[in-house]
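For reference, the structure is listed below as structure tokens.
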Amino acid sequence: MTIKLYEKDVYQKRTESRVLNVIHDKEKTLLVLDQTIFFPEGGGQPSDKGTIGDSQVIHVSEKDGVIYHHVDKEPEGEFHVCELDWNRRFDHMQQHCGEHILSGVILEALGYMNKGFHLGEDYVTIDIDGDLSDTEQVKGIENLANKAIYENKPVITDTVNNAEKAIWYNVRKMPDLQENLRIVYIAGVDSVACCGTHPARTGEVGILKILKAQKYKGMTRLFFKCGLRALLEFQREHQIISELSVNYSADMSTILDKISKEKLKYYDLKNHYVKIQNALAALEADHLIDTIKHQRLILSFRDKTIEETGLIIKHILERESALILACSLPDKKVILAHDGKQDIDCGKLIKENIHGFSGNGGGNKHRGQATFEDINELGSFVQHINNILSIE
Ligand SMILES: [Zn+2]
């Protein structure tokens, strides 16, 4: 049985271990050691990484009491210096201990239980069996968790073998009593059976920031970050706010108000623009109506978007019965439309004829649209449709 050094001293970053067994399983190389500083994945906490001699530890797993070190190559020899990727481990300790604190304060303050925990690469989640949709309530919980961090309470790990002692600890999820039940206890905050790695005192968690609360399968999923992760999040968000402040010539106290006002201004301008665009399209339609021959019209715009082209078509068809084939060259798009009195299915016609051209399109009976990547393809397609419909 491998001696679990990480259970004796969670701060041990280096040791010398002896390789007891090497297993080649398909593509994998697995090492079993006499003693290890590497925590295997378990209880929601990802595994440690690091080096064994000159081999990289990619993953660590535990099965039937045996700890397997997944390495990139088999190290030569029997005895090796093992080095822990300490930054990764300490990050996991901060996040994991934060999870205990948050779960404990929620249970104490609201009576809700933690039903699920995931420590991801980016953020941590816990699933709470109660409603936490009130943002003020979430803030209150966050404050309580951070208070427990500032109080720098000892995080006690105790392995118990009798029911009485386990009951004394009043753990929040009582497992079936087993030998060597490992209890992690923070006085007045949390008590739970756990196999993970935690710092010696809550102060090392640094800070806990809840990012969002989301409804999840009748529960609430809380997303949060602790320690360095929370600091990096703050730095990133602060950078964004600072850049926004410069762009909007505002500071933290006025920026939201300024953005709301800018948004209103934008909608005003947009409405104004739509009105002008509509008036221009009506004028253009006036001009083009005279060029309709035998209820057929073909148009090609070098300087109009597909939206502007569509508006002009709309104005013409409101006043005249016609079949119009129009293209916007800047957008490389074609519209085929009529006023509803023509026995042609525009969408179907485009769909059936677009094969053989590098474009795509479709639509309904009155209006079809096609898009091309190449302007020459658009030209050939327009010519093809023109021949079918005999538009002059
Ligand atoms: Zn734990």
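The values are calculated or read from the model by the stated rules, or taken from the named source; none is laboratory data. In this text the structure is predicted, and so the values were computed from the model without any measurement. Every residue, glycine among them, receives a Cβ derived from its backbone with ideal geometry; neighbour counts consider all protein chains shown.
Values as computed for the structure displayed
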read-out	value
Which numbered condition Val71 fails, given (1) of a type in the set (Val, Ile, Thr); (2) closer than 16 Å to Val205 by Cβ; (3) outside the structural domain of Val192 (by TED's automatic domain parsing)	(2)
Within region 179-224, tally of residues that are among the acidic types (Asp, Glu) and farther than 22 Å from Pro46 by Cα	1
Some residue of region 296-303 being among the polar types (S, T, N, Q) and touching a residue at least 60 places away in the same chain (Cβ under 8 Å)	yes
Pairs where the first residue, in region 127-150, is part of a loop (DSSP other than H, G, I, E, B) and the second is polar (S, T, N, Q), C-beta under 8 Å, 6+ apart	Gly130/Thr220; Asp131/Thr220; Leu132/Thr220; Ser133/Thr220
Qualifying residue in region 209-224 (condition: touching a Leu at 6+ places or on another chain (Cβ under 8 Å), of a type in the set (Phe, Trp, Tyr), surrounded by 14 or more Cβ atoms within 10 Å (Cβ to Cβ) and not in a helix (DSSP H, G or I))	yes
Filtered residues of region 176-208 (kept if part of a loop (DSSP other than H, G, I, E, B) and either touching a residue at least 60 places away in the same chain (Cβ under 8 Å) or within 13 Å of the ligand (Cβ to nearest atom) (or both))	Val189, Cys194, Cys195, Gly196, Thr197, His198, Pro199, Ala200, Gly206, Ile207
Residue that is surrounded by the fewest Cβ atoms within 10 Å (Cβ to Cβ) [pool: residues in region 90-111 that are within 23 Å of the chain's Cα centre (by Cα) and away from the ligand (no atom under 11 Å from the Cβ)]	Asp91
Matching option when the condition is touching a residue at least 24 places away in the same chain (Cβ under 8 Å), surrounded by 15 or more Cβ atoms within 10 Å (Cβ to Cβ) and closer than 30 Å to Val124 by Cα, among Ala230, Ala322, Ala285, Ala326	Ala230
Looking only at region 79-89, and only at residues there that are in contact (Cβ under 8 Å) with a residue 60 or more places away in the chain and not aromatic (Phe, Trp, Tyr), the one that is nearest to the ligand (Cβ to nearest atom)	Arg89
Test for Tyr216: is it within 13 Å of the ligand (Cβ to nearest atom) and of a type in the set (Phe, Trp, Tyr)	no
Residue count for region 1-49, restricted to those that are crowded, with 19+ Cβ neighbours inside 10 Å, part of a strand (DSSP E or B) and at pLDDT below 95	1
Tally of residues being over 13 Å from Ser328 (Cα atoms) and without any contact (Cβ under 8 Å) to a residue 60 or more places away in the chain across region 377-390	7
Count - residues of region 78-98 that are within 30 Å of Thr125 (Cβ to Cβ) and part of a strand (DSSP E or B)	1
Flag for Pro75 being within 15 Å of the ligand (Cβ to nearest atom), touching a residue at least 24 places away in the same chain (Cβ under 8 Å) and outside any helix (DSSP H, G or I)	no
Test: Asn114 is within 30 Å of the chain's Cα centre (by Cα), more than 15 Å from the ligand (Cβ to nearest atom), surrounded by 14 or more Cβ atoms within 10 Å (Cβ to Cβ) and not hydrophobic (A, V, I, L, M, F, W, C)	no
